[in-house]
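Reviewing the structure listed below.
The values are calculated or read from the model by the stated rules, or taken from the named source; none is laboratory data. This one's a predicted model, so the numbers in the text were calculated from it and none came from an experiment. Every residue, glycine among them, receives a Cβ derived from its backbone with ideal geometry; neighbour counts consider all protein chains shown. Surface areas here come from the heavy atoms of the whole protein model, side chains and all, with no ligands, DNA or RNA. Shrake-Rupley method; radii C 1.70, N 1.55, O 1.52, S 1.80 Å.
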Amino acid sequence: MAADHHHTAGYTAYGLIGAPTMRTSDGTPALQVQNLWKVFGPRAERLIGTADLQLSRKELQAKSGHVIGVRDVSFDVSPGEVFVVMGLSGSGKSTLVRLITRLIEPTSGTVVLNGEDITKMNDDSLREIRRKNVSMVFQHFGLLPHRKVIDNVAFGLEVRGEDKGARRNRAQEVVDLVGLQGYENNYPDQLSGGMQQRVGLARALAADPDILMFDEPFSALDPLIRRDMQNEVIRLHEEVGKTMVFITHDLQEALKLGDRILIMRDGAIVQIGRPDEVVGAPADDYVRDFVSEVPKSHVLTLSWVMRPPSGPDEGAGGPTLKDSQIVRDAARTVLEHHGPCRVVDGSGSVVGVVDEQDIMRVVVAEDESPAAANQAAS
């Protein structure tokens with residue numbers, strides 16, 4: 001996975017603060033989005049570079065009839081990273097994922113996938129990229145009702161022109177991977193919503209893409225099935241290590257799945273960071289309101305709550321904990337020790353100490369007002 005990263009029940013635990021993002025061996029991000037704009041309306045490209053684009057959405061619409069869908073968005077996604085784009089309805093997140101694959105055309109800006117500029121490609125090259133390099137999983141599964149599960153999973157390979165034996169073998173591998181064994185010969189309408197979404201996931205994986213794009217794939221599912229599917233994505237990521245861009249309006253889902261989270265509002269980026277950064281250091285009041293209900297001990301790592309040792313011997317002889325460990329996961333060890341515990345970084349160097357008070361400050365704050373929680377976490 002992209003960082004020293006493991007998933008805990010309900011939330012994601014993170015690697016070291018300031019850990020370098022992964023790159024391919026030649027240093028290329030898997031996905032690079034630079035200065036991406038989408039303005040809806042006639043001759044929108046003429047607005048690029050003008051003062052009109054500094055107007056708010058409402059002001060621009062009143063003045064010229066144009067609507068800004070995505071406003072000057074730039075980010076990189078590292079190979080093997082799960083990158084979550086989060087925002088409320090109308091924030092521009094679904095427009096963004098469609099721009100990345102050029103299902104809609106950007107007004108300006110560039111999208112580079114594995115070193116290739118998608119925005120400059122002709123239709124044939126773009127079609128090839130969509131067939132071989134990028135797979136999408138949507139909220140609406142789009143399964144072919146008259147085809148069995150195995151044939152739905154193999155459909156992309158059939159479109160590619162692969163022979164029947166090879167595509168059947170590959171489809172069976174992926175069916176097994178996503179837990180659909182025994183359902184190969186069922187038709188989609190014989191399956192539950194969660195099972196249908198597994199078929200959609202298997203179809204996306206069958207093509208062995210460089211990058212998987214998820215556009216709110218689980219938002220129509222019941223909460224329990226949704227949680228199962230989130231766990232399935234985590235498990236599959238650990239097994240196949242694909243780069244994933246995941247769109248959601250759900251903060252819990254974003255915190256659970258993301259190596260990093262991009263939060264959007266009105267088409268623009270509000271904050272990009274790891275879940276512990278978004279919860280521990282929200283960029284503004286908008287993000288602070290978003291994360292105010294999140295139990296901080298489930299997300300923050302010890303690096304957020306540790307303090308400098310009072311002397312070279314403080315914590316000596318006690319348990320040693322990693323600064324990347326989630327506060328909740330470390331709580332029992334610290335509370336049972338009844339004294340300071342040393343905190344070490346990835347190289348084993350002592351970077352701080354924590355004691356019962358440091359842990360309780362975060363845990364107690366979760367039962368108080370958001371303001372108290374923010375104060376206690378700072």
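Counting only protein heavy atoms and a 1.4 Å probe, tell me what percentage of the stretch 73-219's accessible area is made up of carbon and sulfur. All intermediate terms of the calculation are to be shown ahead of the outcome.
Working: 2720 of 6030 Å².
So the carbon and sulfur contribution to the accessible surface is 45 percent.
Using the Cα gyration tensor of the stretch 272-335, with a ≥ b ≥ c the square roots of its eigenvalues, what is the shape: rounded (a/c below 1.5), prolate (a/b larger than b/c) or oblate (neither)? Mind showing how you got there, number by number?
On the way: a/c = 3.14, a/b = 2.16, b/c = 1.45.
Prolate, since a/c reaches 1.5 and a/b exceeds b/c.
Quick one: if the Förster radius is 30 Å, what FRET efficiency do Asp250 and Lys132 give, using the C-beta to C-beta distance and rounding to 0.05?
Working from the Cβ atoms, E equals 0.45.
Rolling a 1.4 Å sphere over the protein heavy atoms, what is the accessible area per residue of the chain, to the nearest Å²?
Heavy-atom accessible area per residue stands at 45 Å².
How high is the relative contact order of the stretch 101-215, in percent, with contacts defined as C-alpha pairs under 8 Å that are six or more residues apart?
Working: 139 pairs, mean separation 41.4, N = 115.
Reported as a whole number, the value is 36 percent.
Would you work out which of Leu113, Phe83, Thr50 lies farthest towards the positive end of the dipole of the chain? Charges go on Cβ: Lys and Arg +1, Asp and Glu -1.
It is Thr50.
Pick out which of Leu302, Leu335, Leu205 has the largest mean-square fluctuation in a Gaussian network model of the chain, springs linking Cα atoms closer than 10 Å.
For the chain, modelled as a Gaussian network with Cα springs under 10 Å, the answer is Leu335.
Expressed as a rounded percentage, what relative contact order does the stretch 166-289 have, with Cα pairs under 8 Å and six or more residues apart?
Over the stretch 166-289, the number comes to 17 percent.
In sequence order, what are the phi-derived ³J(HN,Hα) couplings for the stretch 240-245 according to the Karplus relation 6.51 cos²θ - 1.76 cosθ + 1.60 with θ = phi - 60°, rounded to whole Hz, with x for glycine and proline?
Listing the rounded values in order: 10, x, 5, 5, 10, 10 Hz.
So who's got an amide H within less than 5 Å of the one on Leu31, skipping anything under 5 residues away but keeping other chains? H placed 1.01 Å off N, in plane.
Distant-sequence amide H within range of Leu31: Val77, Asn114.
Near the amide H of Phe214, under 5 Å away, which other amide H atoms are found, from residues 5 or more places off or on another chain, if H is placed in the peptide plane?
When sequence neighbours closer than 5 places are left aside, the close amide H contacts are Val137, Val245, Phe246, Ile247.
When the Cα centres of the stretch 150-175 and the stretch 221-263 are compared, how far apart do they sit, in Å?
25 Å
If you place +1 on the Cβ of every Lys and Arg, -1 on the Cβ of every Asp and Glu, and leave all else neutral, what size is the dipole of the stretch 72-158 about its Cα centre, to the nearest 20 Debye?
The calculated dipole for the stretch 72-158 is roughly 340 debye.
What's the ranking of 60-69, 87-96 by average number of surrounding C-beta atoms within 10 Å, highest first?
Highest mean packing first, the order is 87-96, 60-69.
By how many nm would the segment from Ala166 to Val67 lengthen if fully extended, with 0.36 nm per residue of separation less the alpha-carbon distance?
31.0 nm
Please compute one quarter of the surface area of the Cα convex hull for the chain and express it in square nanometres.
22.4 nm²
In nanometres, what is the gap between the two model label sites at Ala220 and Ser310, each 7 Å from Cα along Cα-to-Cβ?
Taking the simple label geometry, Ala220 and Ser310 are separated by 6.0 nm.
Please state the shape class of the stretch 171-229: rounded when a/c is under 1.5, otherwise prolate if a/b exceeds b/c and oblate if not, all from the C-alpha gyration tensor.
Values: a/c = 1.97, a/b = 1.08, b/c = 1.83.
Oblate.
Suppose R0 equals 45 Å. What FRET efficiency, 1/(1 + (r/R0)^6) with r the Cβ-Cβ distance, do Ile48 and Glu184 give to the nearest 0.05?
0.35
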